[in-house]
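Read the figures in this text as sums done on the coordinates, not as results from a lab. None of these values were measured; they are calculated from a predicted model. All Cβ positions, even for glycine, are placed from backbone atoms using ideal geometry, and neighbour counts span all protein chains on display.
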Amino acid sequence: MKTIWKIHEANTRLQEILCKALGVTPVLAQILVNRDVRTPEDAHDFLYGGLDDCHDPFLMKDMEKAVTRIKKALSSKEKILIYGDYDVDGVTSTALLARVFDEMDIDYETFIPNRLEDGYGLNIRAVAKAREDGVKLLVTVDCGINSVKEIESANKHGIDVIITDHHEVKENERPDAYAIIDPHQKDCQYPFKYLAGVGVAYKLARALMKGNEDVADRFLDFVALGTIADVAPMNGENRILTKIGLRQLRSAKNVGLKALMEVGKIEPEKLTCRHIGFVLGPRINAMGRVGAANVALELLMCNNESETRGIANVLDKENRNRQAIEREILKQAISKVEAMDLEGQHAIVLADEAWHPGVIGIVASRIVEQYNLPAILIAIDGDKGKGSGRSVAGFNLFEALTRSGEHLADFGGHAAACGVRIETKNIDAFRESLNEAAKQILSETDIEEIIPELKIDCNLPFSHVGVKVIEELKMLMPYGPSNAEPVFATSALKVKNRPREIGRNGFKFLATCGSLTCEAITFRKNKVHKPSQGDMINLAYTPSINSWNGYDSIQLNIRDLQIAE
């Protein structure tokens with residue numbers, strides 16, 4: 001399917017204002033405008049914002065109540081249970097709060113559920129076990145907002161529950177917890193709504209350490225790791241916390257993360273968001289998907305270098321195991337889709353008894369990439385199934401599930417991703433209902449079908465592609481949702497030589513215009529049309545500096561390519 005290029009319209013008036021106020025080039029000024037940064041004040045905060053620019057955690061609903069209850073537990077020597085989730089966001093949230101509790105000398109235990117045995121979020125068996133262990137206060141991180149029955153059980157057992165979460169709230173099914181800290185609550189006045197779970201846990205930690213906030217700030221490396229791995233929007237507070245956290249990660253103060261970087265062959269001082277997304281994050285996630293996530297938590301909590309090296313090797317091994325399982329499921333899922341008639345379909349729902357529930361979310365992402373439709377994959381176990389879904393840009397999957405949820409036992413998530421539980425007998429009915437809901441949502445937005453789009457920041461003359469612009473782009477880092485890596489378009493370039501294949505799935509060639517020549521490269525040849533020598537092309541790309549054998553050259557990282565008419 002051909003991708004539509006959506007090029008932002010140049011705003012020369014705002015470019016001039018930002019250039020004059022900040023001393024930046026018109027290219028950077030336009031990129032800021034494209035990200036809705038339209039005033040010098042907002043631009044300064046975006047580029048140079050620090051912790052002093054973040055909001056007071058006590059603006060969050062129930063924060064004061066939660067802090068008071070935790071301090072009461074400290075003074076009364078009550079045992080607290082930190083209840084996390086098994087993904088990177090949940091593990092880092094648990095580690096951060098545990099580290100701060102250590103500083104406060106609080107009596108606590110941690111629990112991260114096993115995906116296969118316990119399922120997602122709170123479960124009644126774990127609540128009963130907490131009661132047996134003498135727990136009086138349970139604090140969730142990155143989960144709990146939809147655990148109505150489980151919190152009812154905790155209340156009956158005399159356990160107070162403080163929920164810290166960042167997932168969407170079903171307002172008509174809000175649990176009866178002692179305190180709920182989730183910025184998505186309609187009655188929560190906190191200005192920034194898109195913190196990751198670890199960001200919410202950090203806000204609680206900072207509130208607990210009021211007057212001594214630097215204790216919580218020591219663990220911003222965890223915040224950066226969880227925020228990037230959870231693909232949270234990289235603007236507002238997320239951007240500030242992640243920038244500072246990345247600096248901490250590069251200094252490798254946490255011995256467990258240092259060991260994991262060694263296993264992943266990452267030089268700490270060169271670490272970027274991409275390393276977290278493709279190297280560190282998957283290795284931590286692997287334990288929650290096909291192993292026990294408490295091992296990943298142990299890595300973050302351990303201070304012994306020799307022990308952390310052993311744990312890091314375990315995570316690496318489990319990640320390779322996860323990759324093998326994922327490849328096989330993807331092969332089977334593609335086979336199922338190819339056997340379907342996708343004409344008129346607005347969402348894909350696949351199910352199989354042989355699928356591992358720990359990796360179907362990743363496979364769903366691959367299916368979305370290949371077919372550009374929202375996808376939910378379900379692992380069947382007898383008469384029940386657990387599913388994981390991913391959406392496409394611009395389509396709210398949570399809203400679609402809300403409209404088709406009568407066929408589900410339970411569901412949760414947000415616009416881009418979801419988890420579901422379903423009785424096997426209802427899968428076919430759910431597939432039909434989800435497609436109908438998707439069709440309704442698309443019709444309400446006057447869109448007949450979802451066509452892949454590539455957002456391009458601006459048309460850039462080839463003569464403007466230079467070191468100054470590339471260096472200036474670094475001011476925009478870290479990249480992520482809502483602050484994507486900039487993409488430029490240049491027309492009427494000539495392919496100077498025959499494209500040469502590289503690696504498993506890439507090619508490169510020389511693109512030229514007049515007397516200027518740059519190397520263009522992609523590692524995704526299945527997604528990019530391969531040109532021939534002599535073709536005139538329009539190129540969408542991100543420029544970078546390629547260093548090789550002591551020589552620096554400009555490289556165009558291809559995002560899309562069109563043969564010029």
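Observations on the model:
- Degrees, to the nearest 10: 360-371 long Cα axis against longest axis of the chain: 30 degrees
- Shape index of segment 209-271: Rg/Rh, with Rg the Cα radius of gyration and Rh the Kirkwood radius from the inverse mean 1/r over Cα pairs, equals 1.00.
- Directionally averaged projected area (convex hull, Cα atoms, segment 340-444), nm²: 6.0 nm²
- Above-threshold pairs, the threshold being 20 Å between Cα atoms, out of Lys61/Lys156; Lys258/Lys317; Lys129/Lys317: Lys61/Lys156; Lys129/Lys317
- Taking 0.36 nm per residue of separation and subtracting the Cα-Cα distance, full extension of the segment from Glu436 to Lys253 would add 60.8 nm.
- Helix 197-208 axis, angle to the chain major axis (alpha carbon atoms, nearest 10°): 50 degrees
- Taken as Cα centroids, segment 1-55 and segment 373-415 sit 36 Å apart, rounded to the nearest whole angstrom.
- For segment 53-219, the Rg and Dmax computed from alpha carbons only, in angstrom: 14.4, 44
- For segment 251-335, convex hull volume per residue from C-alpha positions, Å³: 85 Å³
- C-alpha long axis of helix 281-290 to longest principal axis of the chain, angle in °: 50 degrees
- Ranked list, fewest to most other Cβ atoms within 10 Å of each Cβ, for Lys508, Lys317: Lys317, Lys508
- Taking log10 I(q)/I(0) by the Debye sum over Cα atoms at q = 0.07, 0.08, 0.09, 0.11 Å⁻¹ as calculated from this structure, the corresponding entry among (1) -0.68, -0.76, -0.82, -0.98; (2) -0.42, -0.53, -0.66, -0.92; (3) -0.44, -0.58, -0.74, -1.11 is (3).
- FRET efficiency estimate (nearest 0.05) - Cβ-Cβ, Thr12 to Glu501, R0 51 angstrom: 0.75
- Cα lying deepest toward the dipole's positive end in the chain, options Gly405, Ser544, Pro113, charges on Cβ: Ser544
- Ranking of Ser515, Ser335 by count of other Cβ atoms within 10 Å, fewest first: Ser515, Ser335
- Segment 474-532 and segment 250-295: distance between their alpha carbon centers, rounded to Å: 28 Å
- Calculated FRET efficiency, Glu41 to Lys468, Cβ-Cβ distance, R0 = 25 Å: about 0.50 to the nearest 0.05.
- Where only DSSP H runs of four or more residues are counted, the chain gives -12000 deg cm²/dmol as its mean residue ellipticity at 222 nm, each run worth -39500 (n - 2.57).
- Simple spin-label estimate for Glu444 and Glu171 in nanometres, 7 Å along Cα-Cβ: 1.4 nm
- Here segment 95-121 and segment 206-248 have alpha carbon centers that stand 18 Å from each other.
- By average C-beta atoms within 10 angstrom, highest first, the peptides 492-504, 294-306: 294-306, 492-504
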